[in-house]
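Enquirer: Pasting a structure below so you can have a look.
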Amino acid sequence: MPIEKYPNFKIEWLNKHPNVYWDYKYLSKHKDFNIEWLNKHPDKKWNYECLSKHKDFNIEWVYAYPYEDWDYEYLSKHKDFNIEWINKHPFKNDWNY
């Protein structure tokens, strides 16, 4: 099992070993994901579709990284959905009207 799949994975491991190939798709789904992970490593291949579906998702993530490939169709169904989300990103074609 890759180390990032261990439940006790700590972001410090990634910080200490930045040149190791990490599975960012899995890290995007990690139960302890925190936006600080992305903030510290914005150049990595995060999976924004997974981040859109993360249990701790916050629309501020989209505001901070508006040009990434978020799952707007899924966000349209989010329990905290607010019309302001569309107002701030009206040209995204994937909103589910």
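The values are calculated or read from the model by the stated rules, or taken from the named source; none is laboratory data. Not measured: the values here are computed from a predicted model. Note that we place each Cβ from the backbone using ideal geometry, even for glycine, and neighbour counts take in every protein chain shown. These accessible areas exclude ligands, DNA and RNA; they are computed on the full protein's heavy atoms, side chains included. Shrake-Rupley method; radii C 1.70, N 1.55, O 1.52, S 1.80 Å.
Enquirer: Set the Förster radius R0 to 22 Å, insert the Cβ-Cβ distance between residue 15 and residue 43 as r into 1/(1 + (r/R0)^6), and round the FRET efficiency to 0.05.
Expert: With a Förster radius of 22 Å, E is 0.95.
Enquirer: Can you give the accessible area of residue 84 in Å² (nearest 10), computed on protein heavy atoms with a 1.4 Å probe?
Expert: Answer for residue 84: close to 90 Å² accessible.
Enquirer: Rounded to the nearest whole Å², what accessible area per residue is found for the chain with the 1.4 Å probe?
Expert: 67
Enquirer: Right, another one. Largest first, what is the accessible-area ranking of 3, 11 with a 1.4 Å probe?
Expert: Output order, biggest surface exposure first: 3, 11.
Enquirer: Further, regarding this structure: Give me Rg over Rh for the chain, both radii from the alpha carbons and Rh done the Kirkwood way, two decimal places.
Expert: 1.00
Enquirer: Mind putting a number on the dipole of the chain about its Cα centre? Charges go on the C-beta only, +1 for Lys and Arg and -1 for Asp and Glu, and I need it in Debye to the nearest 20.
Expert: 280
Enquirer: About its Cα centre, what dipole magnitude does the stretch 18-58 give when the only charges are +1 on Lys and Arg Cβ and -1 on Asp and Glu Cβ, stated in debye to the nearest 20?
Expert: Taking the Cα centre of the stretch 18-58 as origin, the dipole is about 120 debye.
Enquirer: Mind checking the full-extension length gain between residue 74 and residue 96? Use 0.36 nm per residue of separation minus the Cα-Cα distance, one decimal, nm.
Expert: So the chain would gain 7.1 nm between residue 74 and residue 96.
Enquirer: Under a 10 Å cutoff between Cα atoms, tell me which one of 16, 53, 40 has the largest fluctuation in the Gaussian network model of the chain.
Expert: The residue with the greatest mean-square fluctuation here is 16.
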